[in-house]
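What follows is a short report on a single structure.
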Amino acid sequence: MSKLLIVESPSKAKTLKKYLGNDFEVLASYGHVRDLIPKNGAVDPLNNFAMKYEIIDRNSKHVDAIAKAVKGADSIYLATDPDREGEAISWHIAEILQAKNLLKNKLLKRVEFNEITQTAVKHAIENPRDISMNLVNAQQARRALDYLVGFNLSPLLWKKIRRGLSAGRVQSPALRLIVERELEIEAFKSQEYWTIHLDALKHSHSFSAKLIQYNGEKIEQFSVINHDQQTDIVAKLLIASAGKTTVSRVEKKQRSRSAAAPFTTSTLQQEAVRKLGFTTSRAMRVAQQLYEGVDIGSGTVGLITYMRTDSFSMAAEAVMSIRDYVKKNFEVDYLPKSPIMYKTKAKNAQEAHEAIRPTDIFRTPTAMRKYLNDEQFKLYEMIWKRSVACQMSPAKFDAVSVDLTVGSEANLFRASGQTLVFPGFIAVYMEGRDDEENEDGESKLPHLETGEVLNVEKIYGDQHFTEPPPRYGEASLVKVLEEYGIGRPSTYASIISTLQDREYALLDKKRFTPTEVGRVVNKFLTEHFTKYVDYDFTANLENALDSVAEGEREWIPLMDEFWQGFNQQLLSKADVDRPGNELLDETCPKCGKPLQKQLSRFGSFIGCTGYNDTPKCDYKRSMNGTAQTGADPVVIGLDTESGKEIYLMNGPYGPYLQVGMAIEGEKKKPKRVSIPKEIPSANVNIDIANMLLSLPRDLGLHPETNKKIIANIGRFGPYVNHDGKFKSIPKSESVFSIDLAGAVALLAAANIGPAPIADLGPHPSGEGRIEVFAGRYGPYVQHGKIRATLPKSMTPEELTLEEALTLLTEKAAKGAPTKKTLTRKAGAKKTVPKKPKK
């Protein structure tokens, strides 16, 4: 009796094949096999939201392979990932097979396992189930909602703002968070305040205390607000102290701190960003590799449980295994008397899986190090440590609080300190934090008794200024999205990527700043589609989808309720004014018509309202001397050498600067220079323009060849050039500061093969690794001699092993060009000149 197991990932298929033996054939779907047709009408609200699907082109050959294998199988097991997306993929595969009449007299079952270990897989095969239509319908409803919002709202943005923009059901509230935080920062007004401190001395131990009460009144943050006020208070306290202070109160108590819960998807992403410097998408890619399996010498095994989960719970066997490890490797005080249980705090927690943990706690990071690449090791070590720590005793601190009087009890200073007396879980792992001081740093106070008189070293004031709230980083944005109930663990990374891909937000110094376009889009949506970017509405809709998944609600009435209100809103907003344009109290110097602030691809600029008139007025200028412009040239200022105007232009390869305009009939072309990607067009002013136009730079002669080396910026970015050889200048260097020695080192490194920017793991065949490199024409994936360029829709950080294998397979199928095809076109006849007749 032949059996077929279908999974999503080829690397997972390889691992499972080893567990199941020759009784099973294991094939991969390579992710989703069907999606909505990419045009209007894919979801029909007038026909019970009927959805039109088509097989995804790049996976059609995998579908054909599955269909062929099904013909010879008696039993088919669908083992896609254990979540809604996985359930939907299983359903789509079943629907395709049913449409091909391939399931007659065959057993079709769904199997689910949370970890890829031999025990878990065999248990799943022995306990199959039917496809859960509740989970499928929840996923279909989510997909249909995203489609209806995207395909109806995005064209309105194209019409009212500019082409290429998009709005999303979850993406738009996330953008709102970033923009509102930026508006808070801009509106923030810093306030001055002072704190008063006393340094006391006991024997040779000096410590500091802070004024908490003055003349019987409690000191608040803004009790002392200027230099003169603090000077007066300090002077009076110095006189009152006469160089002495008395201990009026000593309070001692023990404080404990418990370990953080084991990882969920959200907390894993946050910690990977904070501790490892990963992006959220990079963290998920590496976690997928650890889940799907790594060859550890004795065979391929999944090292962690499924990485998309909201749950803090762990299997009883896993908890007991962790406790056993702690018992064997730590003193008795480090093991609590009973297992520690954690409750999920996340809003709208999805169907319960386990938390992310190692599949075997005795596979220590040290033991696994030689089998993992750097990224895999770092993430596995963090997951392993957090899992061990969550079943260890709390850390204990001795906390001391002391009050000191100066002159009388009306003037009180307070000093606090703590000492770690028992590390507990801290011996293994400490949770990271965003924008907070570490409260667990040790601050020791000397032994003090009530009534004791101490010497005063000094009394002084410290000046402070209130600070605006920090911009969101990836970790803090994921945290707040989870707190609001916006999106799901599997969507956080894609939300962040979309905001950057659409140029709605820039990640600068690991903090998100909204672009001008992002601000305008957010303003348009919050003014005209307020309900649909509301945080509570988005979270409540997620709640409703959870109810569908749990079988408590039907999906079609939910869709209808959403569509009725949303469609009505769309119809009412068809004729709203174009946002971003703002009339100014200024006339055009060219034609006398009013000027207005306008939005373009690169931000805001000032243009004439007569642009669309006949004859049109094409007057434009940058805002405040800054080159923010659209496709038409804008004057930045004058070139210092020629005296000609410098224009910011938009070319097919991006924005560039040009000195003067081309004159018909003249052979000499105007000087041009590309604007590097790391310099936003919005920041290009006359100083930056002159600096860019000073290129190319002559760095001097190469010490070996005695030939010139120059630094310049080209179509593909900054580079150095020597004797016809080019080498890109890395982001850590600048084309304006690189010196001769740096250029020589770069050129020397050009003769050595490039280092990969990402390692996706071993090839399923076991031969070699699949790596991503930065190429001249963009990033590419390579295995052996086969290279495949990444499409624009994919980034190296988000690329999965399955996607890489698909690209490599497609490239291999096309075949590499031969020497003949490189020298002449395929099929072209070779012509030989005829000899002249005698």
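Quick check: anything in the stretch 556-572 farther than 22 Å from I161 by Cα and small (G, A, S)?
Scanning the stretch 556-572, I find at least one residue that is farther than 22 Å from I161 by Cα and small (G, A, S), so the answer is yes.
For (1) within 15 Å of A260 (Cα to Cα); (2) modelled with pLDDT of 95 or more; (3) within 40 Å of the chain's Cα centre (by Cα); (4) surrounded by 15 or more Cβ atoms within 10 Å (Cβ to Cβ), each residue gets a yes or a no:
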{"position": "L420", "(1), (2), (3), (4)": "no, no, yes, yes"}
{"position": "G441", "(1), (2), (3), (4)": "no, no, yes, no"}
{"position": "H447", "(1), (2), (3), (4)": "no, no, no, no"}
{"position": "E452", "(1), (2), (3), (4)": "no, no, no, yes"}
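Has the stretch 270-284 got at least one residue that is touching a strand residue (DSSP E or B) at 6+ places or on another chain (Cβ under 6 Å) and open to solvent by 20 Å² or more (accessible area, probe 1.4 Å)?
no
Go through the stretch 404-416 residue by residue and tally those that are in contact with a strand residue (DSSP E or B) (Cβ under 8 Å, 6 or more places away or on another chain) and open to solvent by 10 Å² or more (accessible area, probe 1.4 Å).
Total satisfying the criteria: 7.
Can you pull out the residues in the stretch 462-508 that are free of Cβ contacts under 8 Å to residues at least 24 places away in the same chain and either under 12 Å from Q269 (Cβ atoms) or over 12 Å from the mean Cα position of the chain (by Cα) (or both)?
Hits for the stretch 462-508 are E503, D508.
Restricting to the stretch 462-478, name every residue that is surrounded by fewer than 18 Cβ atoms within 10 Å (Cβ to Cβ) and within 15 Å of S281 (Cα to Cα).
none
Just one of (1) among the β-branched types (V, I, T); (2) within 30 Å of T405 (Cα to Cα); (3) assigned to a helix (DSSP H, G or I) trips up T267, so point out which.
Failing condition for T267: (2).
Being at pLDDT 65 or above, under 22 Å from N59 (Cβ atoms) and either in contact with a Ser or Thr (Cβ under 7 Å, 6 or more places away or on another chain) or open to solvent by 90 Å² or more (accessible area, probe 1.4 Å) (or both) narrows it down to one residue among E798, E803; which is it?
The match here is E798.
Does G643 satisfy the criteria of being modelled with pLDDT under 75, in a strand (DSSP E or B) and either more than 22 Å from P730 (Cα to Cα) or open to solvent by 30 Å² or more (accessible area, probe 1.4 Å) (or both)?
Against the criterion (modelled with pLDDT under 75, in a strand (DSSP E or B) and either more than 22 Å from P730 (Cα to Cα) or open to solvent by 30 Å² or more (accessible area, probe 1.4 Å) (or both)), G643 does not qualify.
Tell me, please, whether a residue that is within 29 Å of the chain's Cα centre (by Cα) and of a type in the set (V, I, T) can be found in the stretch 76-84.
For the stretch 76-84, residues within 29 Å of the chain's Cα centre (by Cα) and of a type in the set (V, I, T): present.
Please determine, by comparing only the residues of the stretch 309-335 that are among the small types (G, A, S) and outside any helix (DSSP H, G or I), which one is farthest from S393 (Cα to Cα).
S311
If only one of R511, R578, R553 is under 22 Å from the mean Cα position of the chain (by Cα) and either under 27 Å from M284 (Cα atoms) or not small (G, A, S) (or both), which one is it?
R511
If I125 satisfies every condition in (1) in a helix (DSSP H, G or I); (2) open to solvent by 40 Å² or more (accessible area, probe 1.4 Å); (3) touching a helix residue (DSSP H, G or I) at 6+ places or on another chain (Cβ under 9 Å) but one, which is the exception?
Result: I125 passes all but (2).
Of the numbered conditions (1) among the hydrophobic types (A, V, I, L, M, F, W, C); (2) touching a Leu at 6+ places or on another chain (Cβ under 7 Å); (3) under 26 Å from A475 (Cα atoms), M284 satisfies every one except a single condition; which is it?
Unmet condition: (2).
Just to confirm my filter: which strands (runs of 3 or more DSSP E) fall fully inside the stretch 25-97 and include at least 1 residues that are touching a Ser or Thr at 6+ places or on another chain (Cβ under 6 Å) and buried (at least 19 other Cβ atoms within 10 Å of the Cβ)?
In the stretch 25-97, the matching strands (runs of 3 or more DSSP E) lie at 75-78.
Does L157 meet the test of being modelled with pLDDT under 90, open to solvent by less than 10 Å² (accessible area, probe 1.4 Å) and in a helix (DSSP H, G or I)?
So L157 fits the description; yes.
If I ask for residues that are in contact (Cβ under 8 Å) with a residue 40 or more places away in the chain and hydroxyl-bearing (S, T, Y), which ones from the stretch 533-550 would you list?
Once the filter is applied, which keeps residues that are in contact (Cβ under 8 Å) with a residue 40 or more places away in the chain and hydroxyl-bearing (S, T, Y), the stretch 533-550 yields Y535, T538.
So which residues in the stretch 605-626 are open to solvent by less than 40 Å² (accessible area, probe 1.4 Å) and modelled with pLDDT of 65 or more?
F605, I606, G607, C608, G610, C617, K620
Residues in the stretch 698-716 that are closer than 17 Å to P676 by Cα and crowded, with 17+ Cβ neighbours inside 10 Å: how many?
2
Please tell me if S281 is closer than 30 Å to A355 by Cβ, at pLDDT below 90 and either in a strand (DSSP E or B) or touching a helix residue (DSSP H, G or I) at 6+ places or on another chain (Cβ under 9 Å) (or both).
yes
Being buried (at least 17 other Cβ atoms within 10 Å of the Cβ), in contact (Cβ under 8 Å) with a residue 12 or more places away in the chain, closer than 30 Å to L238 by Cβ and β-branched (V, I, T) narrows it down to one of V388, V400, so name that one.
Just a single option satisfies the conditions, and that option is V400.
Identify, by number, the condition in (1) in contact with a Lys or Arg (Cβ under 7 Å, 6 or more places away or on another chain); (2) open to solvent by 40 Å² or more (accessible area, probe 1.4 Å); (3) modelled with pLDDT under 80 that T821 doesn't meet.
Among (1) in contact with a Lys or Arg (Cβ under 7 Å, 6 or more places away or on another chain); (2) open to solvent by 40 Å² or more (accessible area, probe 1.4 Å); (3) modelled with pLDDT under 80, the lone unmet condition for T821 is (1).
Please identify the pairs in which a residue from the stretch 681-709 that is acidic (D, E) has its Cβ atom under 8 Å from the Cβ atom of a residue that is surrounded by fewer than 17 Cβ atoms within 10 Å (Cβ to Cβ), counting only partners at least 6 apart or on another chain.
Hits for this filter: D698/K708; D698/I710.
The values are calculated or read from the model by the stated rules, or taken from the named source; none is laboratory data. Just so we're clear, the structure is a prediction, and the values are computed from it rather than from any experiment. All Cβ positions, even for glycine, are placed from backbone atoms using ideal geometry, and neighbour counts span all protein chains on display. Side chains are part of the model used for accessible areas, which takes the heavy atoms of the whole protein and leaves out ligands, DNA and RNA. Shrake-Rupley method; radii C 1.70, N 1.55, O 1.52, S 1.80 Å.
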